[in-house]
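The structure appears right after this line, and notes come after that.
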Amino acid sequence: MKLFSAHEMRAADQAAADAGIPLLLLMEAAGRAVADAVTRHFAHPEVLVLCGGGNNGGDGYVAARHLLASRRVSVLELSSAPRSDDARTMRRALLAHGLTPRPLEEAALTRALEGRPLVVDALFGSGLTRPLEGEVAAAVARVNASGCEVLSVDVPSGVASDTGELLGPHVRATRTVQLAGAKVASLFHPARAAFGAAEVADIGIPKAILEAHASVTVLSPDGVRAHLPTRAPDTHKYEVGTLLVIAGSATYLGAAEMACRAALRAGAGLVTLASEGSFPGTWPEIIHERLAWDHDPLGTLAELGENRAQVRLIGPGLDRRAAAVLPALIGQRRVPTVLDAGALGGGDAWERAVRDHGRCVLTPHHGEAAKLLETSAKAVRTAPLEAARTLAERTGAVVVLKGATTVVAAPDGRTAAHAGGHPGMATGGTGDVLAGLLGAWCSDEGALFERACAGVVAHARAGERAGARFGDGLIATDLIGAFPEAWRELREGR
Ligand SMILES: NC(=O)C1=CN([C@@H]2O[C@H](COP(=O)(O)OP(=O)(O)OC[C@H]3O[C@@H](n4cnc5c(N)ncnc54)[C@H](OP(=O)(O)O)[C@@H]3O)[C@@H](O)[C@H]2O)[C@@H](O)CC1
Ligand SMILES: Nc1ncnc2c1ncn2[C@@H]1O[C@H](COP(=O)(O)OP(=O)(O)O)[C@@H](O)[C@H]1O
Ligand SMILES: [K+]
């Protein structure tokens, strides 16, 4: 599935029109899809349709017409007459069926809501350009306070479709029927919550046109299945990918250990942890190479054979003293390299090293991305797709921008987003687990973007499984425990 900005959707509409499918046809299909969703999901005998002055309102008139056959329907419209020819045409068609819209005024709305109808919200869609205010904002507040169930058309009115940030007053929908494709706001919090259950309706724009106009893929288990690592029956440990983890410090040795354990559970052939200090060794499978950050760490690491470091992960719980050698460390081996946490150093030399390397995967959370982009975490949260793309373009690396919705961006512009997981994952160490499993899965250097996408979905699935068991009290190691089953489910299409 693809994710659309308002601009991309308008361009797709235009391309459809140029190809011979006029907007009026799309609007008819849109309104029909909304009426079908009402029939499928709601049993209310009474439906109140609220129509705005744009094409979103046009969809509302169509839905009202189709619902007349099975429900008691009333329509309240914003006092401004429909602006587009298409919406006007649909309004006339409704009149021809004997239903006359009435003005959306306070008294009329209050009366209509008393009958506890299903409300179809067709006030504003992707054309919203500013926060709702005055009478419209008051009407939306009244709908929200009524306790009535609401089905929004395309976007809950008042939500700006291109960002997860909320502009101002908005409808809180029970369900939203998005037209032709998912909207950016439906994937990112806090706007995502306003959509309720979100679905996408096909309104007859040819698939090729939709594909050509969308730049972001919504990740799904089905979408990443082809990129899950598989192994031949006669393989050996040096063939499936060995991982060198350069991580840990006196305080954060646990981060390094969790990354190593996750990598082993994700199928790494051999995992070597290079860190200073003694390592508890509770997982005897992890090989420990001692290094001293003050005594030629690069020399120590250089002595490790090539076959022990087909992929590197640098960063979880990394000792602060590593910062001084970070650019040289990144450049030391040309193998796929995941840079997490302490290895997301930033600065000119770091950025040059990452760009020159050319096979890096960066896994910042919003705060780390803000530091790398020299902006605020709020700016990253407002435009995470743009932030991930900019960072990927600047560094030439695949960027995994972590959050409740995670964005994956490749330097060539491919972008994907995933909204899975569980709120319980907001706990220390879950990022280390992701870093470890990406380390295990990024052995295919020709498919770093695809493998990163698969890793993000599998990590989120493990979080969902652990969340179902432990709720908000899940801890990072629970994810490692849940990972094998999550991986199996994805492989088997469950
Ligand atoms: N391919 C598809 O997906 C298809 C989509 N279709 C449908 O079209 C919808 C987009 O339609 P749209 O462009 O006419 O915009 P829509 O949201 O109805 O109206 C907004 C209008 O109101 C105005 N306005 C903005 N903000 C405001 C505010 N705060 N307070 C007051 N006024 C405000 C603004 O005008 P302005 O005042 O800024 O000049 C604007 O013109 C889309 O969501 C979907 O439902 C289908 O019909 C066909 C195929
Ligand atoms: N509310 C949430 N819903 C889903 N996933 C989440 C949520 N909060 C955090 N995550 C995921 O948990 C991980 C947290 O990573 P990070 O912030 O680096 O934690 P740490 O550094 O403590 O390991 C990321 O993969 C992120 O996508
Ligand atoms: K709407």
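The values are calculated or read from the model by the stated rules, or taken from the named source; none is laboratory data. For clarity, every value in this text was computed on a predicted model and none was experimentally measured. When we count neighbours, we look across all protein chains shown, and the Cβ atoms used for this are built from the backbone with ideal geometry, even at glycine. Only protein heavy atoms, including side chains, enter the accessible area calculation; ligands, DNA and RNA are left aside. Shrake-Rupley method; radii C 1.70, N 1.55, O 1.52, S 1.80 Å.
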Residues Ser146, Ser157: which one is outside the structural domain of Val407 (by TED's automatic domain parsing), within 12 Å of ligand 3 (Cβ to nearest atom), among the polar types (S, T, N, Q) and touching a helix residue (DSSP H, G or I) at 6+ places or on another chain (Cβ under 8 Å)? Ser157
Checking Ala466, Ala435, Ala388, Ala447 in turn, the sole residue that is of a type in the set (A, V, I, L, M, F, W, C), surrounded by fewer than 20 Cβ atoms within 10 Å (Cβ to Cβ) and part of a helix (DSSP H, G or I) turns out to be Ala447
Considering only residues that are at negative phi, part of a loop (DSSP other than H, G, I, E, B) and among the charged types (D, E, K, R), which ones fall in the range 359-385? Arg359
Among what's in the range 275-284 and is among the polar types (S, T, N, Q) and in contact (Cβ under 8 Å) with a residue 24 or more places away in the chain, pick the residue that is most open to solvent (accessible area, probe 1.4 Å). Thr282
Does Thr415 qualify as being among the hydroxyl-bearing types (Ser, Thr, Tyr), under 22 Å from Arg192 (Cβ atoms), open to solvent by 20 Å² or more (accessible area, probe 1.4 Å) and touching a residue at least 40 places away in the same chain (Cβ under 8 Å)? no
Pick from the range 96-119 the residues that are touching a residue at least 12 places away in the same chain (Cβ under 8 Å), among the charged types (D, E, K, R) and not in a loop (DSSP other than H, G, I, E, B): which of them is surrounded by the fewest Cβ atoms within 10 Å (Cβ to Cβ)? Glu106
Flagged in the range 213-237 as loosely packed, with under 13 Cβ neighbours inside 10 Å and over 20 Å from the mean Cα position of the chain (by Cα), in numbering order, are Thr230, Arg231, Ala232, Pro233, Asp234, Thr235, His236, Lys237
Here is a check on your reading of the model: is His236 assigned by TED's automatic domain parsing to the domain that holds Pro411 and out of contact with any helix residue (DSSP H, G or I) (no Cβ under 9 Å at 6 or more places or on another chain)? yes
Take the residues in the range 120-154 that are crowded, with 23+ Cβ neighbours inside 10 Å and charged (D, E, K, R); name whichever of them is nearest to ligand 2 (Cβ to nearest atom). Asp154
The range 262-274, residues that are surrounded by fewer than 24 Cβ atoms within 10 Å (Cβ to Cβ) and assigned to a helix (DSSP H, G or I): Leu264, Arg265
Just to be sure I understand the filter: pairs with C-beta atoms under 6 Å, separated by 6 or more residues or on different chains, first member in the range 394-407 and more than 25 Å from Arg461 (Cβ to Cβ), second member open to solvent by 20 Å² or more (accessible area, probe 1.4 Å) and assigned to a loop (DSSP other than H, G, I, E, B). Which pairs pass? Gly396/Gly358; Gly396/Pro411
Against the definition (more than 14 Å from ligand 1 (Cβ to nearest atom) and either over 25 Å from Val457 (Cβ atoms) or of a type in the set (Gly, Ala, Ser) (or both)), how does Ala214 come out, yes or no? no
Considering only residues that are open to solvent by less than 10 Å² (accessible area, probe 1.4 Å) and closer than 16 Å to Val177 by Cβ, look in the range 53-80 and name the one that is farthest from ligand 1 (Cβ to nearest atom). Leu67
Among Ala43, Ala93, which is the only one that is open to solvent by 10 Å² or more (accessible area, probe 1.4 Å), free of Cβ contacts under 8 Å to residues at least 12 places away in the same chain and farther than 19 Å from Leu179 by Cα? Ala43
Would it be correct to say that Arg88 is more than 17 Å from Glu28 (Cα to Cα), of a type in the set (D, E, K, R) and surrounded by fewer than 23 Cβ atoms within 10 Å (Cβ to Cβ)? no
For the range 472-494, how many residues are of a type in the set (Asp, Glu) and farther than 11 Å from Gly424 by Cβ? 3
Residues that are not β-branched (Val, Ile, Thr): find the strands (runs of 3 or more DSSP E) completely inside the range 123-225 holding 1 or more of those. 150-153, 175-179, 197-201
